[in-house]
Amino acid sequence: AEQDEAMAQSYVAQIAQSIGQHWSRPPSARRGMTCELKLQLIPTGEVVSVSVSKGSGNGAFDRSAEQAVKKLGRFETLADMPPALFERYFRQFTLLFDPQDLRL
């Protein structure tokens, strides 16, 4: 179980990095802003749905995070994941979107 947890965390890190690469930072975004995204995926890594489950208080920031996931459309790395791990951790999950490159 610990090994599964560690493997799941490495996939989460890859997913967060992919989202960050497709993210267009709105001018109103500031350091420390985060939002929680609720994702629903299928085993191919394709995004079925994404929504903001806990906002940052800045609508443009929240929408930009959601749009980054939609733009991405699919997380390629998940296609290689063992099915049991996918079902346990990634069919539906919440991701904290916390971009590190924000200015003050």
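The values are calculated or read from the model by the stated rules, or taken from the named source; none is laboratory data. Please read these numbers as outputs of a predicted model, since none were measured by experiment. A quick note on method: Cβ atoms are made from the backbone with ideal geometry, for glycine too, and the neighbour counts reach across all protein chains shown. Side chains included, ligands, DNA and RNA excluded: accessible areas come from the protein's heavy atoms. Shrake-Rupley method; radii C 1.70, N 1.55, O 1.52, S 1.80 Å.
Between the Cα long axis of helix 2-21 and the first principal axis of the chain there is an angle of about 40°, rounded to the nearest 10.
If a/c stays under 1.5 just call it rounded; otherwise compare a/b with b/c (prolate if a/b is bigger, oblate if not). Do that for the range 21-74, with a ≥ b ≥ c from the square roots of the Cα gyration tensor eigenvalues. In terms of gyration-tensor shape, prolate. With all protein chains kept in place, the per residue accessible area of the chain amounts to 59 square angstrom at a probe of 1.4 angstrom. On the beta carbon distance between Ala6 and Ser28, with R0 = 41 Å, the FRET formula returns roughly 0.70. Using a 1.4 Å probe on the protein chains only, how many percent of the accessible area of the chain belongs to carbon and sulfur? Carbon and sulfur atoms account for 48 percent of the accessible area of the chain. Only the Cβ atoms of Lys and Arg (+1) and of Asp and Glu (-1) were treated as charged; on that basis the dipole of the range 1-62 about its Cα centre amounts to roughly 460 debye. Computed from the Cα positions only, the extents of the chain along the three principal axes stand at 40, 26, 21 Å, in decreasing order. In this simple spin-label approximation, Gln21 and Ala84 carry label points 7 Å from Cα along the Cα→Cβ vector, and these lie 3.0 nm apart.
How tilted is helix 59-72 with respect to the longest principal axis of the chain? Cα atoms for both, answer in degrees (0 to 90, nearest 10). Helix 59-72 sits roughly 40 degrees off the main axis of the chain.
Rounded to the nearest 20 debye, the dipole magnitude of the chain is 600 debye, with +1 charges on Lys and Arg beta carbons, -1 on Asp and Glu beta carbons, and the Cα centre as origin.
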